[in-house]
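Notes follow once the structure below has been shown.
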Amino acid sequence: MSGTLRAYVGKKDAKMHRKDAKVPCVMYGGKEQIHFVIDEKTLLKAMHSPIVYIFELNIDGKVHQTTVQDVQYHPVTDRMLHVDFKEIVPEKPVTIGVPIRITGTAPGVLRGGKLIKKMRKLVVKALVQHLPDEVTVSIDTLDIGSSVKVSDMNLENITFIDPPSSVIATVRTARTVVEEAAPGAEGAPAAEGAAAAAPAKK
C-alpha cells in the first residue's frame, strides 16, 4: 500500500483528509513516529482480507514492513477513522494473530458428530522471518467429545500466546435427546389396570 506523509497533524487536517476519502494513519515502533494517509478503498481491500497480516507500506518512496495494531471506526457509519501501524524490526519478535487452517477428517464426524471450530486465529510470537502464513491444525484423531487445544500445538521458533487450555476445534454429538419420565409415571398404567380388575364392593 502507498501512503502520503501528512504536512500537518490535527483534527482539522484529519477531517479534511477523510472528506477526500483518505484515512489518517500513524506508524510507530521504529526510529520515529510517521503520520500519513492512505486511500480509503485501498486500505479497506487490504484490511478485509483474512489471510493478510503483514503490510508493506510505501510512504513517499520508502518501504516499511508493518502490522496493524488498532483501527478506530465511526460509531454510526462504521467508516475507518484512524489506523495504527507498528513497524516490524527484523531483530525484534512480533506478536500477531495468524489464521488457522483445519486439515483432515475427524473420525467423530464420520460417526455422526459435528465439528465445532472455536478459534479462527492463533496469537503467536516470533521473529518476522519465522512467522507462518497460517497455522495448520489436524483433526484426524478427533473422536466425539475430544478436542484440539492450544497446548497441543508445537511449531519451531514460535511461541503461542493464547491460553494453553483454549479449545481450537472439537467434535460434539449432532443431537442430544434427554428423556426424563415424570415421577411415578411408569407405575401409573399398572395401578389403573389393577383398579379396573378389582371386584366392585357390594
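Read-outs throughout are calculated quantities, based only on the coordinates presented, and are distinct from any laboratory measurement. Computed from a predicted model, the values in this text were never measured in an experiment. Every residue, glycine among them, receives a Cβ derived from its backbone with ideal geometry; neighbour counts consider all protein chains shown.
Pairs with C-alpha atoms separated by more than 32 Å, drawn from the list Lys11/Lys125; Lys41/Lys62; Lys31/Lys149, are Lys11/Lys125; Lys31/Lys149.
Ranking of Lys19, Lys121 by neighbouring Cβ atoms within 10 Å, starting from the fewest: Lys19, Lys121.
Using the Cβ-Cβ distance between Val63 and Lys15 with R0 set to 22 Å, the FRET efficiency from 1/(1 + (r/R0)^6) comes to roughly 0.15.
Placing dummy labels 7 Å off each Cα toward the beta-carbon, the span from Gln129 to Ala7 is 4.2 nm. Working note: Debye formula, equal point scatterers on the alpha-carbon atoms of the range 95-173, no solvent; log10 I(q)/I(0) at q = 0.14, 0.19 Å⁻¹ is -0.45, -0.76. The order of His130, His64, going from fewest to most other C-beta atoms within 10 Å of their C-beta, is His130, His64.
Just so you know, the averaged projected area of the alpha carbon convex hull for the range 80-119 sits at 5.7 nm². Find out how many positive minus negative residues lie around Ile96, taking Lys and Arg as positive, Asp and Glu as negative, among other residues whose Cβ is under 11 Å from that of Ile96. Cβ neighbours under 11 Å give a net charge of +3. Put in order of Cβ neighbour count within 10 Å, fewest first, the listed residues Met16, Met80, Met27 become Met16, Met80, Met27.
Computed over the range 18-83, the P(r) tail beyond 13 angstrom holds 68 percent of alpha carbon pairs.
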